[in-house]
Amino acid sequence: MITRRETMRLALASSGAVLLPGCAGTAEPFPDIPVEGGAIDIHCHLFNGTDLPVTRFLTQVVLAEHESQPEAITAQGGIVDPTLIERLIRLLTRGLLRDAPTAVEETSYLERRAPKREAATLKGARQQVVDRTASFLDQGNRPEGFTAQSGGEEALRQEILLAAGSSPESITPNASVDYQAVAARAVASNSAIGLIARWVALFFRYRHELADELATATRRNGREPRLLVPSMVDYAHWLGEDAVSGSTLPEQVDVFSHIARRRGKTAVHGMVGYDPLRAVFFKRGVAYERFTTQPFDPLVLARKALEDSGFIGLKMYPPMGFKPIGNTDRQGYQDRIKQALGGFGGLGRDLDGAMANAFDLCIAQGAPILTHARFSVGAGPNFAARANPAYWIDVVKKRQWRDLRLCLAHMGYFQPWNGSSTAGLAPGRRTWEWTAGNYIKDNPQSNVCIDISYLTEVLGSSQERRQQLADKLREWIDECDPDVRHILYGTDWTMVGREPDFPNYTSEVLKFLSKQCGLDDQQVDRIMMGNAVRFLGLLPGDKTRQRLTEFYERHNLPLSRLPGV
């Protein structure tokens, strides 16, 4: 997931196309590449806007502030300041949630108890975004919440007009303008406005259609999608707001279980979100007053998801504010948590206890954990540092958890980090990748892996930059993982959908691994699928495979669809 700095890169990368009228057409061509080999997408997201507090998530987490002084963008026709992107997101999300299918509504559709909602399809969601944008542009028909023409809103209006290839000076309050046509051009453009608008539209779609879209994209990029592993997220207690539009986590588990039962060539088995702070609130019998959903024990839900609902493992998100081990009462938490709990006393101990329960469950079930492991999208000051792989290494060093299947997500950028975990490393190796790599080097038979999801440097970067990154990854491989057994492929779809060249992501990753990194076909195949089969526990005799075999038998699904035979 991206930082504010990367949002600015996105805007700059697309600003050259903003003023070109010829860029009004949708720029999402898929490459026509013969399918050679399979793929397991270890890290993707298929949630929609009813599954989480979407506006707060998009503006306070995805576009979270990580620099004390945000840089300004001054490119002509580009996004002048990231807050305009935030304004655009708020504009589009307000009012659109009413037509987004909740988990219960999608389950009813999949069970053929409810008709299809056209507003939740690709065409329908895009049209809603166009309608909302047109209403915003028409100053006589302002959307709810955008009644005053403030300076920021006027700047956003001008950027939308520029994205559509229109001159703001030519559109006056008294001019006769087809705002629907203008909005349609802006949304379909190659500009940052168009990219973000189309990306936001994904959050109001059917989840199973998002899965189909990802499978199609993977296939058109030259790999047969054998398995998609979508991750649920649970940020509610850290953000102080639940999914106000009506999809509880138990309901989300149910809908993804139904998606896993669909017929088709591509298997879909998810990672259930697990939040230790939710477990603390449940244990203490405390709930946020603003929450509309009923409290539940996330450990009980995780067990149900694994044993009954076709899920593979657990997804965790430490930058919300916790560490996998070694939490304390004084490490810093949001004030709203203090207010809700009546103080921080014993919070560190209880967070550690909730995490230990999750680790024990995963050991018993043979279930993997996918965890965010990049210094990004923290929910509070320096919270992103709690995703440090060093904390996870402390977990797997303990005897009772040494066999834990653990994937450290979003690796491959080799960003310098001067934390204590890198103190013994050479200056050029003070990165989280080397922190993880040293453990993998010393423990080649361990179940610790990294994934290269959202490795967007392979998209918009120069050949020189890509080669620099490839050289760093190749050095890491040669020293830490020479057989290439601990690297997994992932997209971070739908989050990667805001990148200018996202339809080509898989093919660009393949070229990066083979041409820039110089890996042979077998090594690339292991990254794309083989390593995931082992890591996820899909080989004969593995506990996860046994659980999924029982799930397939209960629902009369062909076991041949599941990779690993």
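The table below lists the values:
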read-out	value
Viscosity 1.567 mPa s, 4 °C: Kirkwood-radius Stokes-Einstein D of the stretch 158-303 over Cα pairs, µm²/s	68 µm²/s
Size of electric dipole in the stretch 207-553: Cβ of Lys, Arg +1 and of Asp, Glu -1, about Cα centre, debye, nearest 20	340 debye
Hydrodynamic radius by Kirkwood, which averages 1/r over all alpha carbon pairs of the stretch 252-372, in angstrom	15.5 Å
Centre separation in Å (Cα based) which lies between the stretch 452-515 and the stretch 316-382	29 Å
Alpha carbon centroid spacing (whole Å) that separates the stretch 434-448 from the stretch 271-298	34 Å
FRET efficiency estimate (nearest 0.05) - Cβ-Cβ, R561 to E118, R0 35 angstrom	0.75
Percent of C-alpha pairs per 10 Å bin, the stretch 207-553, short to long	5, 25, 35, 26, 9, 1
Sorted by Cβ neighbour density within 10 Å, fewest at the top, the residues T133, T293, T248	T293, T248, T133
Sum of side-chain charges, D297 neighbourhood, beta-carbon under 11 Å (Lys, Arg +1; Asp, Glu -1)	+4
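Every read-out reported here was derived from the displayed coordinates using simple, explicitly stated rules and does not represent laboratory data. The structure presented is a predicted model; accordingly, all values stated were derived computationally and were not measured. Backbone-built Cβ (ideal geometry, glycine too); neighbour counts: all protein chains shown.
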